[in-house]
1. Does the range 298-319 contain any residue that is surrounded by 17 or more Cβ atoms within 10 Å (Cβ to Cβ) and either closer than 30 Å to G235 by Cβ or modelled with pLDDT of 80 or more (or both)?
2. Only one residue in V53, V20, V47, V40 is modelled with pLDDT of 85 or more, surrounded by 10 or more Cβ atoms within 10 Å (Cβ to Cβ) and under 27 Å from A324 (Cβ atoms), so which one is that?
3. Quick one: would you say T15 is among the polar types (S, T, N, Q) and surrounded by fewer than 16 Cβ atoms within 10 Å (Cβ to Cβ)?
4. If I filter the range 174-198 down to residues being under 20 Å from L49 (Cβ atoms) and among the charged types (D, E, K, R), which single residue comes out as nearest to the chain's Cα centre (by Cα)?
5. For V291, state whether it is more than 24 Å from G219 (Cβ to Cβ) and either within 19 Å of the chain's Cα centre (by Cα) or at pLDDT below 75 (or both).
Amino acid sequence: MPDRSSVPWRAIWATIASVVLALAGLLLLRELTRIIAWIVVAVFFAVVLNPVVDFLEHRAKIRRGLATFLVILVGFAAIGGMLYAFIAPLVDQGQEFADDLPGYVEDARNGEGTIGELVERYELEEWVDENQDRIRDFAGNLGTPALDVLQRLFAGVAAALTILVLVVLLLMQAPKLTAAMLDLLPEQHRWRAAVVAKDCARAVSGYIGGNVLISLIAGVATWVMLAIVGVPYAGVLALWVAFCDLIPLIGATIGAVPTIGFAFLDSIGAGVATLIFFIAYQQFENHVLQVTVMSRTVNVNPLTVLVSIIVSVELFGLLGALLAIPGAGVIQVIVRDVYDERRGRLKQEPTIGVDEVPASTE
């Protein structure tokens, strides 16, 4: 029999050590998932805001720290303006709703109006009388999870502040970080890597612009619909739908549910019309508007847009939905450049989209 050479102990221990290190790395990655998510979100916003900071630094001749401060300040002002545009009419019309609430209650008791009809049809008044103890216990227990809500609120504030600090630091250190990353590449590839990275940033910015455009369209369409059918608080409800629509996939549904509810409070006919409108509009937005706008602003094939959203949501949930389309745009830019190089047809400038549009023309 031929001699079987034994496996060296060094190889055995090296294999065991590799497995242990791999497991430790996976466990560490699982523990740092939230921190990694914060960093990814911070990088996302830094990439979106960096072109504005660069413009102020190089064109307006403002120091980068001051330019970063101005951009963050304008961003907070824009967010504050949007919140005011939502909260101010909400307070006014909310007070109006509070003034009208006794009338709704009285109509319900008398069996008049939409609510009154529902109360009579389903005998809700008798059900309330029979289940007063359960309702009282339920109301008394509503304060039980208050501590958990506060903990989540503080965690959300801490996450937002952490992301904000990361965004500021990334914006201020962007030139140094970019130069350091390019220095890691061979000198002959640095220029092309810089061009591709710039085009990837343009894809991310295009996603933000496209998403805002779709949300504006959703808000305007909702306001027109509610104004036509005569639903009160049309302005506030339209703003609510526009804000919710910024969330991919589920945002339109979140905005539609309370809007339909308010429409039913006004009248059954208005509620049915609003329900039909949102069903039709969401189909139009998901299969036509979103695909068309995103494919133009991010320059990604429509099929790629749909597939990237489905896969990202399945893997990473809401965060994946937010980053799916810009991520698909970035991947397409890189794949296009690598493909051209492999074919020996490397262009002087990277191209994007199915029409192979040069990056500088976008």
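The values are calculated or read from the model by the stated rules, or taken from the named source; none is laboratory data. Please read all numbers here as calculations on a predicted model, not as lab measurements. Here the Cβ positions follow ideal geometry from the backbone for every residue, glycine too, while neighbour counts run over all protein chains shown.
1. Looking through the range 298-319, none of the residues is surrounded by 17 or more Cβ atoms within 10 Å (Cβ to Cβ) and either closer than 30 Å to G235 by Cβ or modelled with pLDDT of 80 or more (or both).
2. Within the list V53, V20, V47, V40, the selection yields V53.
3. On the way: among the polar types (S, T, N, Q): yes; surrounded by fewer than 16 Cβ atoms within 10 Å (Cβ to Cβ): yes.
Judged against the criteria, T15 is a match.
4. Top of the filtered list is K198.
5. Values: more than 24 Å from G219 (Cβ to Cβ): no; either within 19 Å of the chain's Cα centre (by Cα) or at pLDDT below 75 (or both): yes.
It is false that V291 is more than 24 Å from G219 (Cβ to Cβ) and either within 19 Å of the chain's Cα centre (by Cα) or at pLDDT below 75 (or both).
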